[in-house]
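Only the coordinates and a few stated rules stand behind these numbers; no lab work does. These numbers come from a predicted model, not from an experiment. Ideal geometry is used to build each Cβ from the backbone, glycine not excepted, and the neighbour counts take in all protein chains shown.
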Amino acid sequence: MSTMSTRSAWRALHYSAKRRAFQPTTAYRCFSCSTRSNEQKPEQDRMTHFGFTNVPESEKESRVGAVFSSVAASYDRMNDLMSLGIHRLWKDHFVRSLNPGACLPALTADQRGWNILDIAGGTGDIAFRMLDHATNVNHDMDTRVTISDINADMLAEGRKRSLDTPYYNTSRLSFVEANAEHMPHIPDNSVDLYTVVFGIRNFTDKQAALNEAFRVLKPGGVFACMEFSKVDNPVLDGIYKRWNFSAIPLIGQVVAGDRDSYQYLVESIERFPSQEEFRGMIQKAGFLIPGQGYENLTGGIAAIHKGIKPRA
Amino acid sequence: MAHLTRTLPKRLFRPIPTPFIHQTNQLSTTTRPTTTTTHLTTPRPNTVPHQNQRPYHSTLHARLPDHTYTNSQTAILSAALDFVPTTGFTLESLTHGARSAGFLDVSVQLLPRREFDLILFWLASRRGLLRSKVEDGLFTRLAAEAGKELSVDEKVKALVLERLKLNKDVKGVWQDALAQMSLLANIPLSLTELHALSSDILTLAGDDAVDASWYTRRLAVAGIYASSEVVMTRDPTAELVETAAFVERRFEDSRAVKEKIGTVGEIVGFGWNTAIGLGRSWGMKI
């Protein structure tokens, strides 16, 4: 009974969210003058992909918004089911490899704790892990994380979860609603570590986001990104694809009552560039690539990409 | 894959152009066509086979660098080496290095292998130092001290000792480094580096064997060096006297083993020839 009621509640939530996000902008029609409509045309013609379908760039943001508003509350439970719990291992590994927090006593004021910007980290998954690591492993009480997300529903979920952490209502944790492609509120050369975990896939203009990351990072600062990637083993790839396209939308339908959002999710994974292509994009933004540039997790299902802003 | 190429034996470190290169050089000088034609029509007798040194590697290209780290990586790593004697081959040293090179704490992400990168950099840079010591006249100095020209074996021994002395400052933390190197994931690169070092030692000592004995000798040098490294970490003397004695004994051993193998080979060969001769004398068609 309870599952039925929660499910119907879910459905209601997600429909309301969709209605809000999908307010259609009526095409500008002017019969007396042709200039305005001509001006608008190239903007509308620039298409980007939303899963397997092509949509105008202006529309992708609101569509992705609808998806994540719809999945916000069931985000963790769904991640557990879809990845069979492996996403927690990935995230732990990601944070451990970054080793956030100053492990040496600070000599200058600048060295007191790291300034971390967690993009698309709405639910705080990565942010809390990084703060925990800084506090418990490196005994650094000064490292602070700014969680930035474009989606207010995801941020609300993160705020709710931060209540259970020791960082709630301290200067070490803050939330910002912003578009990662354009962050005028963050000054140049101010961030030590920029992380984006399972988020950059949904950006409309990935290169613009990378350029913005390059701008806000201090020289020597690190861009770290974990994202679904291409599996290199054909056997594993076959199993993985089958799981993605058959099981995940079904789980989405049963558990979250929303098949379409999870259909988008797997399609967007499929459309994301390969490890080498994405490394090229990071390089194009001006970052130095350490070693091979990426680390495959579970045979390439996910990959960690890193780039370092060179010292001027 | 540059480190793999480095493991190939480098017989020649002095660029000595062969007559063939002379010839190509002359062929490329189109300004003097008469000399070219005379040279082509009357080739000089080839004197190379009688020379001892025959290059395996092109003398027209510069030697590969000792390591393949980028400028920023090298800056952090070489700054970190100053901290190694006190804090060891640790992330702490790397972070100190990043700070003193003007980077941030987080910039150690430039080195994906962390502490192991520091160890590899130490090994590669010491290997380069050994080479530059030889180029600065290490052997002439040693020969003057000994009062005679050094043989190849003596040179090899001197180089092994000289390389061990370069580790003197990090003697206290070298066991940690050895432990790191023996981790499963790190073994291939550690062995590659050991091979590169033993190749370098043989090359610098002027070993110009062009048969399988090069490989056995390289294996022997690698074994002696690796075992004396362990002895060095427990050597209480400042000038590594005990280690030097250990190296001396190991070279004696390897000489003894070589002699024994040689003797056994002779016996087997003699026995085989006798058996064949005996068979033929009995009328067998062998």
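Annotations
- Along segment A:113-125 the Karplus relation, 6.51 cos²θ - 1.76 cosθ + 1.60 evaluated at θ = phi - 60°, assigns HN-Hα couplings of x, 9, 9, 10, 10, 9, 7, 6, x, x, 7, x, 2 Hz to successive residues, with x for each Gly and Pro.
- Rounded to the nearest 500, the 222 nm mean residue ellipticity of chain A from helices alone is -13500 deg cm²/dmol, with -39,500 (n - 2.57) taken per DSSP H run of at least 4 residues.
- Here each label is just a point 7 Å from Cα along the line to Cβ, and for B:Arg255 and B:Thr237 those points are 1.9 nm apart.
- Counting Cβ atoms of other protein chains within 10 Å of each Cβ in A:215-226 and taking the mean gives 3.
- A:Thr165/A:His93 FRET efficiency (R0 25 Å; Cβ-Cβ; nearest 0.05): 0.75
- The magnitude of the dipole of chain A, with charges of +1 and -1 set on the Cβ of Lys/Arg and Asp/Glu and taken from the Cα centre, is near 380 debye.
- By the beta-carbon count within 10 Å of each Cβ, the least crowded to most crowded order of A:Met281, A:Met141, A:Met154, fewest first, is A:Met141, A:Met281, A:Met154.
- Computed label-point distance, nm, for sites B:Ala146 and B:His61 using a 7 Å Cα→Cβ extension: 3.4 nm
- The stretch between B:Ile267 and B:Asp211, if pulled fully straight at 0.36 nm per residue, gains 18.0 nm over its current Cα-Cα span.
- Spatially proximal aspartates and glutamates relative to A:Lys160 (Cα-Cα < 18 Å; intrachain offsets below 8 disregarded): A:Asp76, A:Asp118, A:Asp125, A:Asp132, A:Asp149, A:Glu177
- Shown for A:Cys103, A:Cys225: other C-beta atoms within 10 Å of each C-beta, ranked fewest to most, produce the order A:Cys103, A:Cys225.
- Residue exposure proxy: B:Val210, B:Val108, ordered by other Cβ atoms within 10 angstrom of their Cβ from fewest to most, comes out as B:Val210, B:Val108.
- Cross-link reach list, lysines versus A:Lys306, counting only Cα pairs under 18 Å and skipping chain neighbours closer than eight places: A:Lys91, A:Lys206, A:Lys218, A:Lys230, A:Lys284
- If you take all other residues with their beta carbon under 15 Å from the beta carbon of A:Asp142, and give Lys and Arg +1 and Asp and Glu -1, the sum is -2.
- Dipole size of segment B:62-266 about its Cα centre, with +1 on Lys/Arg Cβ and -1 on Asp/Glu Cβ: approximately 120 debye, rounded to the nearest 20.
- Cα-Cα pairs of segment A:128-209 separated by more than 16 Å (percent): 58 percent
- Among the GluC sites (Glu not before Pro) within segment A:195-279, not one is in coil by DSSP while having at most 12 neighbouring Cβ atoms inside 10 Å.
- Distance between modelled label sites at B:Lys165 and A:Met141, nm, 7 Å Cα→Cβ extension: 5.2 nm
- Net lengthening on full extension, A:Asp232/A:Asp80 (0.36 nm per residue, minus Cα-Cα): 52.4 nm
- For A:Val191, the amide hydrogen comes within under 5 Å of the amide hydrogens of A:Leu217, A:Lys218, counting only partners 5 or more places away or on other chains and with H modelled in the peptide plane.
- Of all lysines in the structure, those lying under 21 Å Cα to Cα from B:Lys165, and not within fewer than 8 positions of it along the same chain, are B:Lys133, B:Lys155, B:Lys157.
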